[in-house]
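Undergrad: Below is one structure. I have some questions about it.
Read-outs throughout are calculated quantities, based only on the coordinates presented, and are distinct from any laboratory measurement. No experiment lies behind these values; they were computed from the predicted model shown. Cβ placement follows ideal geometry from the backbone for every residue including glycine, while neighbour counts extend to all protein chains displayed.
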Amino acid sequence: MKDVDASTLAAWAGAELRGAAAGGPARVVIDSREAGPGDLFVGLRGESFDGGEFAAGALRAGAWGVLARDVALRDLTPEGAVLLSVADPLLALQRLARSWRRELACRVVGITGSTGKTSTKDILAALLRPHLRTHANRENLNTEVGLPLSVLAAERGTEVLVLEMAMRGEGQIAELAAIAEPDVGVIVNVGPVHLELLGTVERVAAAKAELLRDLPAGAACVVPASEPLLEAHLRDDLDTWTFGPGGQVMLLSYSAGRAEIEARGRPVELELPFDEPHNLLNTLAGVAAAHALGVQPSGPVEVAFSSLRGEVVELPGGVTVVNDCYNANPMSMRAALEHLARTPADRRIAVLGTMAELGEGAAGFHRQIGAEAAGLGIEVLVTVGEEALGYAEGFDGETYSVGTPEEAGALLEEVALPGDRVLVKGSRSVGLERVLA
């Protein structure tokens, strides 16, 4: 936004403007410690602090300007910088993002789902980049704060935004769609997540389907084939693409990294650097979204997956670890265990933390996953934390239970042998990345 002047930004944000600075900001940051020359620092309010209190520090660091609550800026002197005073900094940040999205005049894809939405975002961005100037969320900047920052990071000339949208409750996807104004909506899947707040999978589906509801007439949507939970939310005035078995976009064959796909009767041949069944399915969703944008991908797909999602780490001594500890729910846990079971190894070890936000049925979900791990032939199970003990109730093999990720790491040093393959997976709150610390 370097070419957007302060008065325009103030109008976009609904802010009172004080001071002046040359040009516009190079980037927008919400952490004053990251603020530097050319930056617009946005002082958001937290539960126990007001980010506007750090406005003076951001200005001392050379920030182009500050956007914060009027009360936080009252006693500050601009001195060559810009002060944007607002009543609600988060709302102002979102307004800025929506205005910049409109200024870019590009197409936007919104992606949500119970699991796999980040990987689908990464795959779709890789499919589009050879054809269009593409900008996507970095890592998991997909919330009411992260998504606006992702939009504002897009450079002028961007032709398509690929935006992952996260939710925990009703109305949150609608909030993100109002900012991004997508032209294509993708729902990767619907499953038992966020049940602690939403209660039923049907309500999860309805919350995800806010993305479909809020698309403009004539837009495109991408949904799993034969997903009964979404049928009531489909619209006749949208161009609906279905993917997966029985859908309009199907995988015909896969061998040695080469995927043959059919998309509404058109052949698509891709060279993929992954073979996990869930990511092959995510690729079908990406191919559908690309075709909805008029792009026909082909050839090698150079995708860099976001961190902590299936990262393969080779440890000294011949032990392979699959670090997939960003998040977990019954769907993603099942997919990861199935892939572990199919991968050649002397033994397969699953280090599992709790699956969070499952509500009253949490114990049953954990017990079921433990039983499925045993049925898949996983030889060793390590549960991490008290809430993960339910896995062991359904598992009839060699089992260990520890309290912390650090204890799990120490245990692996004793238990794991050369030729073993280890899956590390759990909800983000468990912090299982510390197993490898």
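Undergrad: Please compute the net charge surrounding Gly394, taking Lys and Arg as +1 and Asp and Glu as -1 over other residues with Cβ under 15 Å from its Cβ.
TA: So the environment of Gly394 carries a net charge of -3.
Undergrad: Now for a different question. Rounded to the nearest 500, what is the 222 nm mean residue ellipticity of the chain from helices alone, with -39500 (n - 2.57) per DSSP H run of 4+ residues and division by all residues?
TA: -9000 deg cm²/dmol
Undergrad: Another question, if that's okay. Test of understanding: what is the full-extension gain from Thr404 to Glu231, defined as 0.36 nm times their sequence separation minus their Cα-Cα distance?
TA: 58.1 nm
Undergrad: Related question: Using every alpha carbon pair in the stretch 244-344, what percent of pairs falls into each 5 Å bin from 0 up to the bin containing the largest distance?
TA: Result, from short to long distances: 2, 11, 20, 21, 19, 14, 8, 3, 1, 0 percent.
Undergrad: Over the stretch 181-309, what number does the Rg to Rh ratio reach, with both radii from the alpha-carbon atoms and Rh per Kirkwood? It would help to have the intermediate numbers written out before the result.
TA: Details: Rg = 15.3 Å, Rh = 15.6 Å.
Dividing the radius of gyration by the Kirkwood radius yields 0.98.
Undergrad: Connecting C-alpha atoms closer than 10 Å in a GNM of the chain, tell me which of Ala220, Ala232, Ala206 has the biggest fluctuation.
TA: Highest fluctuation of the listed residues: Ala232.
Undergrad: Could you calculate the contour length gain from Ala22 to Asp396, that is, 0.36 nm times the residue separation minus the distance between their Cα atoms, to one decimal place in nm?
TA: Between Ala22 and Asp396, full extension yields 127.9 nm more.
Undergrad: Could you tell me how many cubic angstrom of Cα convex hull volume the stretch 311-436 has per residue?
TA: 84
Undergrad: Among Ala87, Ala362, Ala288, which one shows the highest mean-square fluctuation when the chain is modelled as a Gaussian network with alpha-carbon springs under 10 Å?
TA: Ala87
Undergrad: OK, next. To the nearest 10 degrees, how steeply does helix 330-342 sit against the main Cα axis of the chain, on a 0 to 90 scale?
TA: For 330-342 against the chain, the angle is about 50 degrees.
Undergrad: Please give me the summed charge of the neighbours of Gly169: other residues whose Cβ is under 14 Å from its Cβ, Lys and Arg +1, Asp and Glu -1.
TA: -3
Undergrad: Pick out, in residue order, every one of the trypsin sites (Lys or Arg not before Pro) in the stretch 19-116 that is DSSP loop and has at most 10 other C-beta atoms within 10 Å; say none if there are none.
TA: Here the sparse-neighbourhood loop sites are Arg74.
Undergrad: Kindly work out what percent of the DSSP beta bridges joining two residues of the chain are antiparallel, to the nearest 5.
TA: Details: 23 of 76 bridges.
Of the beta bridges lying entirely in the chain, close to 30 percent run antiparallel.
Undergrad: Using the Kirkwood radius over C-alpha pairs as Rh, can you work out the diffusion coefficient of the stretch 149-222 via Stokes-Einstein at 37 °C, viscosity 0.692 mPa s, in µm² per second?
TA: Result for D is 248 µm²/s.
Undergrad: Return the Rg/Rh value of the stretch 117-268, two decimal places, where both radii are evaluated on C-alpha atoms and Rh is the Kirkwood radius.
TA: Rg divided by Rh gives 0.96.
Undergrad: Sticking with this one: Can you spot the lysines whose alpha carbon is less than 22 Å from Lys117's alpha carbon? Ignore those fewer than 8 places along the same chain.
TA: In chain and number order, the partners are Lys208, Lys425.
Undergrad: Under a cut-off of 19 Å between alpha-carbon atoms, report the aspartates and glutamates in cross-link reach of Lys2, not counting same-chain residues fewer than 8 places apart.
TA: Straight-line reach from Lys2, under 19 Å: Glu34, Asp39, Glu103, Glu155, Glu159.
Undergrad: Out of every Cα-Cα pair in the chain, what percent are more than 32 Å apart?
TA: When all Cα pairs of the chain are counted, 44 percent exceed 32 Å.
Undergrad: Which one, Leu272, Ser48, Ala20, is farthest towards the positive end of the dipole of the chain when Lys and Arg carry +1 and Asp and Glu -1 on their Cβ?
TA: Ala20
Undergrad: Please build a GNM for the chain, connecting alpha carbons under 10 Å apart, and tell me which residue among Glu360, Glu170, Glu159 fluctuates the most.
TA: The residue with the greatest mean-square fluctuation here is Glu360.
Undergrad: For the stretch 6-89, what value does the Rg/Rh ratio take when both radii are computed over Cα atoms and Rh is the Kirkwood radius, given to two decimals? Could the numbers behind the result be given before it?
TA: Working: Rg = 11.1 Å, Rh = 12.1 Å.
Dividing the radius of gyration by the Kirkwood radius yields 0.91.
Undergrad: If I take R0 = 25 Å and measure r between the Cβ atoms of Asp239 and Glu262 in this structure, what FRET efficiency does the formula 1/(1 + (r/R0)^6) give, to the nearest 0.05? Kindly include the intermediate steps, with their values, before the conclusion.
TA: Numbers: r = 18 Å, r/R0 = 0.71.
Efficiency for this residue pair is about 0.90.
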